[in-house]
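Structure, as structure tokens:
Just so it is clear, none of the values below were taken in a lab; they were calculated from the coordinates. Owing to the predicted nature of the structure, the values given are computational and were not obtained by experimental measurement. Every residue, glycine as well, gets a Cβ built from its backbone with ideal geometry; the counts of neighbours run over all protein chains shown.
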Amino acid sequence: MRTKRVLRLGCVLSITVLAAPLAQSANGKRTFRSDHLEADVVVLPTVFFPNEAEVAVLPFMKENAARFEGKTVLEIGTGSGIISLYAARLGARKVVATDINEQAVMNATLNARRLDLGDIIEARRVPASDITAFSVIRPDERFDVLISNPPYALDLDAKQNTPLTDRGDLGLSIVRGLDAHLNPGGVAILLYNSLFYHYVMVKFAKYEGFEVRNHGPAFFAPWEAETLFNDYLGHLLASEKMDPDAFRFDRHENEALDRIRVSSPHAPLFPGNSKKRYPGIIVIERSADAAARGTAGAP
Ligand SMILES: C[S@@+](CC[C@H](N)C(=O)[O-])C[C@H]1O[C@@H](n2cnc3c(N)ncnc32)[C@H](O)[C@@H]1O
């Protein structure tokens with residue numbers, strides 16, 4: 001059953017890929033035309049396709065370009081490197097980009113060199129033995145900006161992280177490491193393109209005493225529905241000594257799910273910018289006077 005689910009995830013990725021402007025070579029290497037970068041981005045096999053970042057993250061970065069100019073940036077889960085490339089293009093002086101996927105680390109390095117940004121972007125491989133957010137960041141390393149489009153389905157039963165699934169090691173560890181690795185006045189920008197995990201992260205960052213501005217995603221993502229139904233309902237069924245597989249939920253068999261939409265109750269993220277909608281972006285501030293930050297447990 002696990003294998004079936006992985007195959008379904010693969011299916012989602014390939015559908016996404018087909019919808020994007022791409023060219024595929026015989027060795028499986030693809031290219032994506034980024035309008036923001038005004039350049040082609042190479043995408044190696046197994047690496048997350050950059051069209052989502054182009055649509056949902058780069059416009060936000062563009063409108064907040066001052067956040068990046070002359071700054072140090074940490075990108076967690078870089079994939080093809082598109083977010084790091086754009087941070088460098090916006091004037092970041094140093095970008096560290098991490099990923100658990102060795103191909104992604106090679107991919108980000110390759111694109112950085114192709115776009116002549118190799119001196120600014122350094123890609124690091126996160127080892128399977130410790131996939132928490134700062135495992136390849138030195139204890140004394142601090143950044144002005146942390147940015148991430150991380151896996152957005154929280155699945156505590158998952159055997160390993162994938163581009164879409166976080167088995168629970170990554171999300172909370174990002175927030176837990178902000179005091180140690182964000183400079184005072186720094187900011188963490190996270191795209192959680194799923195309703196459930198987005199709100200887990202917002203609540204958790206507030207609980208840890210951070211100021212959070214968030215713009216909730218306006219939909220219930222199909223992959224999170226599958227996680228919620230199959231894994232969490234699965235636990236309940238198992239405790240009732242029933243066969244969880246008898247109730248497995250398949251989003252491809254349930255068209256009604258595509259029609260589930262929830263409206264965001266939140267005010268627009270950017271004052272004076274009310275017509276712009278950024279799906280699922282969370283902005284966590286580390287106050288300039290970081291010592292004055294509230295204690296853990298703040299509402
Ligand atoms: C949704 S993809 C985003 C890729 C790229 N940043 C983009 O926006 O196109 C998430 C990425 O996070 C990586 N990833 C998953 N778990 C990770 C972890 N614990 N640490 C670092 N990267 C991780 C995946 O390999 C994948 O490349």
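Of the residues in the range 172-179, none is assigned to a loop (DSSP other than H, G, I, E, B) and within 9 Å of the ligand (Cβ to nearest atom). Here the range 56-77 is the region considered, the condition is being more than 10 Å from the ligand (Cβ to nearest atom) and in a helix (DSSP H, G or I), and the residue that is farthest from residue 184 (Cα to Cα) is 59. Pairs are defined by a Cβ separation below 7 Å, a sequence spacing of at least 6 or placement on different chains, a first member in the range 73-97 that is at negative phi and surrounded by fewer than 24 Cβ atoms within 10 Å (Cβ to Cβ), and a second member that is small (Gly, Ala, Ser) and in a loop (DSSP other than H, G, I, E, B); the pairs so defined are 93/70. Among the residues of the range 100-123, those that are surrounded by 17 or more Cβ atoms within 10 Å (Cβ to Cβ) and farther than 19 Å from residue 31 by Cβ comprise 100, 120.
Within the range 39-50, restricting attention to residues that are surrounded by fewer than 22 Cβ atoms within 10 Å (Cβ to Cβ) and either under 18 Å from residue 105 (Cα atoms) or of a type in the set (Lys, Arg) (or both), the residue that is nearest to the ligand (Cβ to nearest atom) is 46.
All of (1) on the phi < 0 side of the Ramachandran plot; (2) outside any helix (DSSP H, G or I); (3) over 14 Å from the mean Cα position of the chain (by Cα); (4) in contact (Cβ under 8 Å) with a residue 60 or more places away in the chain hold for residue 193 with one exception: (3).
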